[in-house]
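Some notes on the structure that comes next.
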Amino acid sequence: MNTSTSRLRLSVLDQSVAVAGRGQDAAIRQTLALAQHAEALGYDRFWVSEHHSHPSIVGTAPEVLMAAIAARTQRIRIGSAGVMLPHYAPLKVAEQFRVLDALAPGRIDLGVGRAPGSDGRTAQLLNPDRHASDNFPQQVMELQAWVSGQPLPVGHPGHNVFAYPASETSPDVWMLGSSDYGAQLAAHLGLPYAFAWFITDGQGAEHALRLYRETFRPSARLSKPQATVCLWALAADTEEEAWHLFESRARWRMDRNLGRIGPMLPPELAVRDYSASEQLALAQLKDNALVGTADVVAQKLQHLAARLQVDEVVVITWTHDPQAQRRSYELLAQAFGLTPQS
């Protein structure tokens, strides 16, 4: 084992991806099974995402899925990546996550984001207020208070209103983002920050992380900056197999660029004739992809983490075959010397 990789902590983000040939409900159960597998392998966290009316990503209710994961795990931290806060009342979100913390004391991460996780029409159906996201900073501050059990100031409508159940522990609030906005807000409020590298393909990551660290203000919960990046990676036993499995993800990306969004295809059915412009985009996608054998992927992750000055990365892996996804996480756990849990 390369001792330099052992210092990098690994976590998982799973998005409950729909795949061709199986029901969408199977994607939810697969996420649950993967959480148990990740804990057994020694991963630090397991986060789930929130999307709405999305034919590919069918995890719509992270708080419900987290409850099921909490009931089936003992050690791994469980989190949302994230709750799209403008859709909801902060008090209700705080109540949900305090219940989760009662189920899994000291293991709950509450990641929040401003993006809708859906199209504009769906977002309006979730919350008819078209300007809800304008109040995001205020919502986050209210959420922080209710989650931590701190009273809101006199004069605020929520003064002397508390989110129960109360307990000795409380969820950790994280700010999620893919731009400078989330980085600045996380720094201002003294929150840990997760950059969505997998959304931007890394564009803006270094600037956002630098901005976060330079403007960070310590809070009661966090004395110094804490940042991570969420990125897409895939490992297999051979280079050939890894790139074969990657065809499913590549086809999905190429189709999405054309506005065609659906379940992920098996790799043997994913290859199609691409236009000249698509071939260029595909070549760039492969050049930047963290794909290969475990040693190759581990070296790339370590190099990237060192460049970004983070000591943790959150790995997302899409495969059509759930066994290939499990194997990818197994190989990375071995490459980084994670300690398996019995």
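With the structure loaded, tell me whether SER167 is farther than 21 Å from TRP47 by Cβ, surrounded by fewer than 18 Cβ atoms within 10 Å (Cβ to Cβ), touching a residue at least 60 places away in the same chain (Cβ under 8 Å) and among the hydroxyl-bearing types (Ser, Thr, Tyr) or whether it fails that test. Walk me through how you get there before you give the answer.
Numbers: farther than 21 Å from TRP47 by Cβ: yes; surrounded by fewer than 18 Cβ atoms within 10 Å (Cβ to Cβ): yes; touching a residue at least 60 places away in the same chain (Cβ under 8 Å): yes; among the hydroxyl-bearing types (Ser, Thr, Tyr): yes.
When the stated conditions are applied, SER167 passes them.
Which one is farthest from TYR43 (Cα to Cα) among residues in region 294-339 that are part of a strand (DSSP E or B) and hydrophobic (A, V, I, L, M, F, W, C)?
Of region 294-339, the ones part of a strand (DSSP E or B) are 312-316.
Adding the requirement that they be hydrophobic (A, V, I, L, M, F, W, C) leaves 313-316.
Numbers: VAL313: 11, VAL314: 10, VAL315: 10, ILE316: 13 Å.
Applying the filter and picking the extreme gives ILE316.
Could we say that ALA270 is more than 23 Å from the chain's Cα centre (by Cα) and crowded, with 20+ Cβ neighbours inside 10 Å here? It would help to see each step written out before you state the result.
Details: more than 23 Å from the chain's Cα centre (by Cα): yes; crowded, with 20+ Cβ neighbours inside 10 Å: yes.
Yes.
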*Residues (more than 21 Å from LEU13 (Cα to Cα) and without any contact (Cβ under 8 Å) to a residue 40 or more places away in the chain) located in region 170-182*: ASP180
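When you check THR200 against the structure, is it more than 28 Å from PRO105 (Cβ to Cβ), surrounded by fewer than 17 Cβ atoms within 10 Å (Cβ to Cβ) and in contact with a Ser or Thr (Cβ under 8 Å, 6 or more places away or on another chain), yes or no? I'd like the intermediate steps shown before the answer.
On the way: more than 28 Å from PRO105 (Cβ to Cβ): yes; surrounded by fewer than 17 Cβ atoms within 10 Å (Cβ to Cβ): yes; in contact with a Ser or Thr (Cβ under 8 Å, 6 or more places away or on another chain): yes.
The answer is yes for THR200.
From the list ALA132, ALA145, pick out the single residue that is buried (at least 17 other Cβ atoms within 10 Å of the Cβ), over 20 Å from the mean Cα position of the chain (by Cα), at pLDDT below 95 and over 27 Å from LEU301 (Cβ atoms).
On the way: ALA145 fails: at pLDDT below 95.
Testing whether each residue is buried (at least 17 other Cβ atoms within 10 Å of the Cβ), over 20 Å from the mean Cα position of the chain (by Cα), at pLDDT below 95 and over 27 Å from LEU301 (Cβ atoms) leaves just ALA132.
Which of the residues belonging to region 273-295 are acidic (Asp, Glu) and either surrounded by 12 or more Cβ atoms within 10 Å (Cβ to Cβ) or within 20 Å of VAL17 (Cβ to Cβ) (or both)? Step through it out loud before you land on a result.
Within region 273-295, the first condition is being acidic (Asp, Glu), and the residues that meet it are 273, 278, 287, 295.
Hits for region 273-295 are GLU278, ASP295.
Specify which of the listed residues (THR73, THR60) is more than 16 Å from the chain's Cα centre (by Cα), within 20 Å of GLN15 (Cα to Cα) and without any contact (Cβ under 8 Å) to a residue 40 or more places away in the chain. Can you show your working first?
On the way: THR60 fails: more than 16 Å from the chain's Cα centre (by Cα).
Sole residue among the options that is more than 16 Å from the chain's Cα centre (by Cα), within 20 Å of GLN15 (Cα to Cα) and without any contact (Cβ under 8 Å) to a residue 40 or more places away in the chain: THR73.
Considering only residues that are assigned to a loop (DSSP other than H, G, I, E, B), small (Gly, Ala, Ser) and more than 17 Å from VAL64 (Cα to Cα), which ones fall in region 3-33?
Start the filter on region 3-33 by keeping residues that are assigned to a loop (DSSP other than H, G, I, E, B), which leaves 3-4, 8, 15-16, 18, 20-23.
Of the ones still in play, those that are also small (Gly, Ala, Ser) are 4, 16, 18, 20-21, 23.
The answer is SER4, ALA18, ALA20, GLY21, GLY23.
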*asked:* Given the options ASP295, ASP311, name the one that is under 20 Å from the mean Cα position of the chain (by Cα) and not β-branched (Val, Ile, Thr).
replied: ASP311
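The values are calculated or read from the model by the stated rules, or taken from the named source; none is laboratory data. Keep in mind it's a predicted model, so treat the numbers as computed, not measured. FYI the Cβ positions are ideal-geometry reconstructions off the backbone, even for glycines, and counts take in every protein chain you see.
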